[in-house]
Amino acid sequence: MPKAGHAGSSKGGATETFLGSCYLSRLNVLGDDRGSLIALEGALDVSFDIARAYFIYETVEGVVRGNHAHLELYQTALCVSGSCIMVLDDGSQRREVSLDGPDIALHIGPMIWREMHSFSPDCVLLVLASEHYDEADYIRDYGDFLRAVEARAKT
Ligand code: T46
């Protein structure tokens, strides 16, 4: 199954390149008179085999989370409730997006610095990941991240 680039065929519809290999997709909202439902299907809405899911909630007001990059990990993030701002940085460009609806999925590849802030009190940020948790995959110092980006560019 491909890991880089957009998911094989996004069931949800429109995708938009965000930064390098990172992209946004709009998920299909299935609704009827009972309410709404969104499905995420492997290979169709997510470009990797899902090894792990976690969610971030009850974030304290004013907190900034993230502040790291991953060496190999692919992730898809969406706010199933509430909203937050996600900032992505590839070492030369920095872009931010408001994840302010459960149908907005942000797909993040390796070697992307991320920061999350402005969490609403009801925010539940769900993240699907391509690998199990591994602290060795994290770069938690921005200077180290820039040096790693430069080193990869030379290879
Ligand atoms: C990311 C952003 C979007 C685990 O033990 N297992 C896990 O699967 C995760 C994600 C975290 N942890 C531990 C590691 C730390 O002791 O939970 C603690 C908090 O993790 P961290 O400070 O890395 O959380 P965030 O919100 O800064 O970053 C998280 C993810 O770690 C990261 O991969 O991309 O969310």
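No lab work stands behind these numbers, since they all come straight from the coordinates. The structure presented is a predicted model; accordingly, all values stated were derived computationally and were not measured. Neighbour counts run over all protein chains shown; Cβ positions are idealised from the backbone, glycine included.
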Vicinal HN-Hα couplings computed from phi for the range 57-69 (Karplus, 6.51 cos²θ - 1.76 cosθ + 1.60; Hz; Gly/Pro x):
8, 6, 5, 5, 3, x, 6, 10, 10, x, 6, 6, 10
Length gained when the stretch Ala153-Ala43 is fully extended (0.36 nm per residue, less Cα-Cα span):
36.8 nm
Over the chain, the sum of -39500 (n - 2.57) across DSSP H runs of at least four, divided by residue number and rounded to 500 deg cm²/dmol, gives at 222 nm -2500 deg cm²/dmol
Compute the long axis of helix 142-154 from its Cα atoms, compare it with the longest principal axis of the Cα atoms of the chain, and write down the angle in degrees, 0 to 90, nearest 10.
80
Of the chymotrypsin sites (Phe, Trp or Tyr not before Pro) in the range 109-155, which ones lie in a loop per DSSP and count no more than 14 other C-beta atoms within 10 Å?
Tyr133
Using Cα springs under 10 Å in a Gaussian network model of the chain, which residue among Ser36, Ser130, Ser83 shows the largest mean-square fluctuation?
Ser36
